[in-house]
Amino acid sequence: MDKGKESTGSLSVQKGVSQPPSVNPDVINRIRKNRRRQLTSDDYVDGILRGNRTILSQAITLVESSLPEHYDLAQAVIEKCLPASSRSVRVGITGVPGAGKSTFIDTFGTMLTHLYGRRLAVLAIDPSSQQSRGSIMGDKTRMDRLSADPDAFIRPSPAAGTLGGVARKTRESIILCEAAGFDTIIVETVGVGQSETAAHSMVDFFLLLMLAGAGDELQGIKRGIMEMADTIVITKADGSNVQKAEIARAEYKNALHLFPPSQSKWYPRVMTCSSTENKGITDIWETIRDYVSLTKSNGYFWERRREQAVTRMHETIIDTLKYSFYSHPEVMALIPELEKQLREGETTSYKPASILLEKYFSIRR
């Protein structure tokens, strides 16, 4: 029998040459080594300040994490990034379903980077699945041009049931993006009604997108949101919809005259635009610049930023207390049994809550 052949009865099989692994072992070892190395707060901050988008994304993931072991590290990263933040224009964008928020941001953002040389970060807050808590709509996939723009950074995050149409850690994500050198921040909210107050409290300029011809325009959105809006834009003002958009613009303009003057001394404007035909887009940015110029000159811009810092303080207190409460071993040990009693109808919601709070405060004493 020839060497290198194996006999299987009447059949002779050639063993052949052993194949090399499909992936270079050195690459695998390098990946494993990098996984084992835990980034420190200084590593995160250094990468963010250098504009490393991979580390920026990892830092936002860290900040959004609800794991107790990530909390202290995330707070340290945010604290160290604060001195390099507050150098951007923060724009909140909300609107009724179907108003074309993502399409508008794609066109608007591309115009900002190409025509005005801005560096743009988009924090796109998606509605969340009640089952998986993940994003439903995938806004990044609907911003084709902006996703490929080297001067733009898009970060989709699930709202995960948070009120205000923003993710739980949107405010902190803004700080990280500003520290990374982005001079324009867009926060796209899910558009959930009056709870948009949360989004309004973390931006400089609040833009409300509306549709024409959807029926009952002036009753289609709550007065509270219209009072918060610095500008209302009627979208999809193209084709046969142009006349409807102009009628809607006039109606909203008249309605805004009924509202009291704002503290900023800015009179809200009503405009029309077409994202697909790129009409009215530059006018919107010029309006934002006019607003920033006015509010900086009269001091309202910085006063509002200081108020936002106060709001951030209170939110940090709430987050810290929540973290301290739910991460305490004795409290954690009680929760499963109390939840079981609730599910079986053996008690009301208030009694277990009182038991847990009494346990927590007795521990703290």
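Restricting 295, 311, 287, 320 to those that are within 29 Å of residue 175 (Cα to Cα), surrounded by 12 or more Cβ atoms within 10 Å (Cβ to Cβ), free of Cβ contacts under 8 Å to residues at least 24 places away in the same chain and of a type outside the set (Asp, Glu) reduces the list to 320. Out of 243, 219, I need the residue that is loosely packed, with under 15 Cβ neighbours inside 10 Å, modelled with pLDDT of 90 or more and in the same structural domain as residue 289 (by TED's automatic domain parsing). Which one? From the options 243, 219, the qualifying one is 243. Within the bounds of region 108-123, is there any residue that is modelled with pLDDT under 90 and not in a helix (DSSP H, G or I)? Scanning region 108-123 turns up no residue that is modelled with pLDDT under 90 and not in a helix (DSSP H, G or I).
Can you say whether residue 309 is farther than 30 Å from residue 83 by Cβ and under 32 Å from the mean Cα position of the chain (by Cα), as far as the supplied structure shows? Criteria not met by residue 309. A count restricted to region 252-308 and to residues that are assigned to a loop (DSSP other than H, G, I, E, B) and polar (S, T, N, Q) stands at 7. Among the residues of region 86-97, those identified as surrounded by fewer than 17 Cβ atoms within 10 Å (Cβ to Cβ) and either free of Cβ contacts under 8 Å to residues at least 60 places away in the same chain or over 19 Å from residue 156 (Cβ atoms) (or both) are 86, 87. Just to verify a result, which residue in region 155-186, among those that are modelled with pLDDT of 90 or more and part of a strand (DSSP E or B), is farthest from residue 319 (Cα to Cα)? Filtering region 155-186 for residues that are modelled with pLDDT of 90 or more and part of a strand (DSSP E or B), the one farthest from residue 319 (Cα to Cα) comes out as 184.
The values are calculated or read from the model by the stated rules, or taken from the named source; none is laboratory data. Computed from a predicted structure; not experimentally measured. Cβ sites come from the backbone with ideal geometry, for glycine too, and all protein chains shown count toward neighbours.
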